[in-house]
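Take a look at the structure set out below.
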Amino acid sequence: MRKKAIFAILGLALATTPMTAFASSNEAVLEPTSTIKPSLFDNTIVTPFQIDQEFPINFNGGSNVQRQFTINPGYGHLKVFFMNNSSYPVTVSIVHKSTGLIYLNRDIPKNDTLDWRSFNEGYPQGMRTGEYDVTYKGNSNDVNGVAYFKMGSSLGDF
């Protein structure tokens, strides 16, 4: 009985030692394309959170300024922080080019912002991959703004 207890304690100590060393190591860095197998006895594969793109787009020089961006496969979760630096309200829109699907069409008051997240706006599974048009419209007034984009593979990326 005593031998079994000793072997059980040693087995438990050996089983937790690599996990403790891995968890406490500051050197462990996961590459975006890497996967993790949670245990030797489990075939589940976990893909780490991944950020695909983060970039700003400026909107200046006219009353209707349109730019393009692309959502790559596997990165359909989108967060955009819009800033309207104009003295007039603007309308911002995001449209999927090949389908014409409108994901966003909203007004931003003068000198105000909009924090838009696709997963809070009815797209919890992500947006379609492909090309998109994003537009600032100022009616007859020139627009002045910027939008900061961030695309990720999971809601945990934000």
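The values are calculated or read from the model by the stated rules, or taken from the named source; none is laboratory data. A quick note: this is a predicted structure, and the numbers were derived from the prediction, not measured. Cβ sites come from the backbone with ideal geometry, for glycine too, and all protein chains shown count toward neighbours. In case anyone asks, the SASA skips ligands and DNA or RNA and just uses the protein heavy atoms, side chains included. Shrake-Rupley method; radii C 1.70, N 1.55, O 1.52, S 1.80 Å.
Of the strands (runs of 3 or more DSSP E) that lie entirely inside the stretch 60-151, those containing 3 or more residues that are in contact (Cβ under 8 Å) with a residue 24 or more places away in the chain and polar (S, T, N, Q) span 64-71. Could you check, for the stretch 60-78, whether at least one of its residues is at pLDDT 95 or above, touching a His at 6+ places or on another chain (Cβ under 7 Å) and not β-branched (Val, Ile, Thr)? There is no residue in the stretch 60-78 that is at pLDDT 95 or above, touching a His at 6+ places or on another chain (Cβ under 7 Å) and not β-branched (Val, Ile, Thr). All conditions in (1) at pLDDT 85 or above; (2) part of a loop (DSSP other than H, G, I, E, B); (3) under 22 Å from LEU155 (Cα atoms); (4) open to solvent by less than 70 Å² (accessible area, probe 1.4 Å) hold for PRO48, with the sole exception of (1).
Yes/no per residue for (1) open to solvent by 40 Å² or more (accessible area, probe 1.4 Å); (2) over 15 Å from GLN68 (Cβ atoms); (3) within 16 Å of the chain's Cα centre (by Cα):
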site: ARG106; (1), (2), (3): yes, yes, no
site: TRP116; (1), (2), (3): no, yes, yes
site: ASN120; (1), (2), (3): yes, yes, yes
site: MET127; (1), (2), (3): no, no, yes
site: GLY130; (1), (2), (3): no, no, yes
site: TYR136; (1), (2), (3): no, no, no
site: ASN144; (1), (2), (3): yes, yes, no
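Of the numbered criteria (1) at pLDDT below 95; (2) of a type in the set (A, V, I, L, M); (3) surrounded by fewer than 18 Cβ atoms within 10 Å (Cβ to Cβ), the one LEU101 fails is (1).
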